[in-house]
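Here you go, one structure.
Nothing in this text is a laboratory measurement; each read-out follows from the coordinates by a stated rule. Remember, it's a predicted structure, so these values are computed and weren't measured experimentally. Using ideal geometry, Cβ is built from the backbone for each residue, glycine included, and neighbour counts are taken over all protein chains shown.
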Amino acid sequence: MSRIVIAAALIVAGCCAPAGVAHADPAPPPPPPGPKTSFGDGTYAVGTDITPGVYQSAGPVGDGACYWKRVNGDGIVANAMTKKPQTVQIEAGDTAFTSSECQDWQKTDAAPPPKPNPIDVLGQLGSLLGAGAAPAAPSGG
């Protein structure tokens, strides 16, 4: 008989919980992380890992050279190896962006960088190689 009384008491206690006692439902899982707007070295899928836009880096880590490249399905769209701070516009049509030995990249509202001039590219290459100005052409004198 005591088993019946105990079973009945457990049933009554389970169905009639005191007012104000909440039964917690499991929390929904957090949404998946979206594309980043700040990132370090690595290769990132544009639109999945990072959002398109204008990004800035303070330049290389330490005394090294910062290398970056933008890639679309057809190959390299733009790239640079430099010792200077960089501003890069990553386009929605780019498929990947790679950074190596650069300080972190931050998305910014800055204007897109101007298109590089071939003379500027040669100047950057010379500064990376430690070359000075090209020697002057001999005069006909």
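When ranked by the protection proxy of mean other Cβ atoms within 10 Å per residue, highest first, what sequence do the peptides 62-74, 95-107 form?
95-107, 62-74
Also: Between segment 98-116 and segment 36-58, what is the separation of their alpha carbon centroids in Å?
About 9 Å separates the Cα centre of segment 98-116 from the one of segment 36-58.
Continuing with this model, one more query. How far apart, in nm, are the 7 Å Cα→Cβ label points at ALA45 and LYS83?
Reported label-point gap for ALA45 and LYS83 is 3.8 nm.
Also: How big is D for segment 77-116, in µm² s⁻¹ as a whole number, if Stokes-Einstein is applied with the Kirkwood radius of its Cα pairs at 20 °C and 1.002 mPa s?
Reported coefficient: 183 µm²/s.
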